[in-house]
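K.L.:
Quick one: structure below, then a few questions.
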Amino acid sequence: MEEVVIVGGGIAGLATAVALRRVGFKCLVLERAAELRAAGAAIGLFPNAFKALDSLGVTHKFLSIYRPMEKAYVVNVDSGVSQEVSFTSNASTPGEETQTRCVHRKALLEALAEELPPNTIRFSSKLASIKTEKLNNSSSLVYVLHLEDGSVIRTKVLIGCDGLYSVVAQWLGLSAPVKSGRSAVRGLAVFPEGHGFPYGPRQYLSNSKRAGFMPLNDKELYWFMTHRTIDGEHELARDPQRIQKEVIENLAKDFPEDYLNVVKHSDLSNLTIAPLNLRVPWDVFFGKTYSGTATVVGDAFHPMTPDMGQGGCMALEDAVVLARSIANKRDKVAEGIENYVKERRWRVTSVLTGAFFSGWVQQGGSGVLWRIVELFRDSLFYKIVFAKMHDSIDKFDCGVLPCVSKD
Ligand SMILES: Cc1cc2nc3c(=O)[nH]c(=O)nc-3n(C[C@H](O)[C@H](O)[C@H](O)COP(=O)(O)OP(=O)(O)OC[C@H]3O[C@@H](n4cnc5c(N)ncnc54)[C@H](O)[C@@H]3O)c2cc1C
């Protein structure tokens, strides 16, 4: 019988395991992949994420390796107009330790995994189905997890961190995420002699397309392209060379040489294309996100479009809040889990909705309405609305974890 089983060893799963360990719980993490899986190359971490990482005791691992991001530049490819964008309004300037940084996903996963005792993560362990049974004929329930390899694990607490197509979320009764109609290509560009770009993100906008890149260090850049989903994308996803060709010769063919040059320097082992899906806000807010001592964290709870760069940051906040809520109700874990959901649902629903709105404005549709949205985007959105949205999201502090006696 396990005390806590976490399904999924991504950002949410590892952060939750670290947080629960820090408040004295022993966890087992089940990960279907054979090793830590870091699809997407890199991730932007905003001040709210660094506050959560600080509560998890790992912020220091990033500070000397990754430089804070400077101001961003946004260029309208069609009109040639460019503007400088700040991630924060003047109201809040984060301290050095919590400034926005772009980090390798693998580095984030490894930084968290290093905090866990050996054998906490069980790889090649895919959850197939969940059943419940009574504990020793009492009224307490035990979760019986059936893995794809035929093994069975029993646990008192079940945390689903199994991402977009979460088995735990489905079992809880949440509806499936919906398609946004957009997709994203993500890659890592390597310049062995140095890329020479400043440490601020650059973004290029064209009708229904948004692309950009940002340095990770002097030699590597993370780049992306979000666009309307194209026919045959599923097949394209299997061949990184074809994805690169599609971006250069089709999706970004009219984009500036700087961007195309970055794409040409891609490390093909890191190139992905995937549709962007989200859970509808009312399902996140009102849906069945917990039952007894089972709940969901990260994308299993609130998959969102990446237009505020907050999905992973939210997963880190979730982990801290969940561990604190459970630690505060150590003998009544079900109540702790209920408190976690109640504390998180406003926050994650508003960020998810804001991200969708941001994506719609930045990369909206076509036709008459689009002209108005484009005008708003190029005149007011980045200068005022975007900075204010980031400001209110980024200044959030998920708080600390309670101290646990070492006796
Ligand atoms: C294009 C794009 C750009 C983004 N940019 C940013 C950004 O800049 N900043 C940011 O904060 N967020 C960003 N995000 C969002 C971020 O990537 C996700 O929110 C984050 O990865 C969610 O982490 P997770 O651990 O919840 O889910 P996942 O990363 O999906 O991890 C789930 C894990 O569970 C495992 N798993 C799944 N099913 C099972 C099963 N049945 N049994 C066992 N294991 C299972 C998987 O193998 C995986 O390891 C972006 C997303 C996209 C698509």
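K.L.:
What number comes out for accessible area per residue over the chain if the probe is 1.4 Å? Units Å², please.
P.N.:
Accessible area per residue: 44 Å².
K.L.:
Gap in Å between the Cα centre of the range 247-322 and the Cα centre of the range 11-37?
P.N.:
20 Å
K.L.:
Quick one: compute the contact order of the chain, relative version, from alpha carbon pairs under 8 angstrom and 6+ residues apart, as a percent.
P.N.:
Value for the chain: 23 percent.
K.L.:
Looking at the chain, send over the antiparallel percent of its DSSP beta bridges, to the nearest 5.
P.N.:
75 percent
K.L.:
Same structure again: Over the range 179-277, what is the mean sequence separation of C-alpha contacts under 8 Å (at least six apart), divided by residue count, expressed as relative contact order in percent?
P.N.:
RCO, the range 179-277: 41 percent.
K.L.:
Determine ³J(HN,Hα), in whole Hz, for all residues of the range 184-191 in sequence, where each value follows from phi through the Karplus function 6.51 cos²θ - 1.76 cosθ + 1.60 and θ = phi - 60°; x replaces Gly and Pro.
P.N.:
For the range 184-191, the Karplus-derived couplings read 9, 9, 10, x, 10, 9, 10, 10 Hz, x marking Gly and Pro.
K.L.:
Among the listed pairs K71/K219; K106/K253; K209/K395, which have their C-alpha atoms separated by more than 21 angstrom in this model?
P.N.:
Listed pairs above 21 Å: K106/K253; K209/K395.
K.L.:
Hey, another quick one. Just from its helices, what would the mean residue ellipticity at 222 nm be for the chain, if runs of 4 or more DSSP H residues each count -39500 (n - 2.57) and the sum is divided by every residue, rounded to the nearest 500 deg cm²/dmol?
P.N.:
Rounded to the nearest 500, the figure is -9500 deg cm²/dmol.
K.L.:
Quick one: what are the phi-derived ³J(HN,Hα) couplings along the range 2-10, Karplus 6.51/-1.76/1.60 with θ = phi - 60°, whole Hz, x for glycine and proline?
P.N.:
Computed from phi, the couplings for the range 2-10 are 8, 6, 9, 10, 10, 9, x, x, x Hz.
K.L.:
Relative to the longest principal axis of the chain, what angle (0 to 90°, nearest 10) does the C-alpha long axis of helix 333-363 take?
P.N.:
Between helix and principal axis, roughly 10 degrees.
K.L.:
Right, here's the next one. Relative to the longest principal axis of the C-alpha atoms of the chain, give the angle of the C-alpha long axis of helix 11-22, reported between 0 and 90° and rounded to the nearest 10°.
P.N.:
Approximately 40 degrees, to the nearest ten.
K.L.:
If you don't mind, another one. Could you look at the range 203-353 and say what percent of its accessible area is carbon and sulfur, using a 1.4 Å probe and all protein chains?
P.N.:
Heavy-atom surface of the range 203-353 belonging to carbon and sulfur, 1.4 Å probe: 49 percent.
K.L.:
In whole Hz and in residue order, list the ³J(HN,Hα) couplings for the range 373-388 that follow from phi through the Karplus curve 6.51 cos²θ - 1.76 cosθ + 1.60, θ = phi - 60°; x for Gly and Pro.
P.N.:
With the stated coefficients, the range 373-388 comes to 4, 5, 5, 4, 4, 7, 9, 10, 4, 5, 5, 10, 5, 4, 4, 5 Hz.
The values are calculated or read from the model by the stated rules, or taken from the named source; none is laboratory data. As the structure is a prediction and not an experimental result, all values here were calculated from the model. Note: accessible area is taken over every heavy atom of the protein model, side chains too, but ligands, DNA and RNA are not part of it. Shrake-Rupley method; radii C 1.70, N 1.55, O 1.52, S 1.80 Å.
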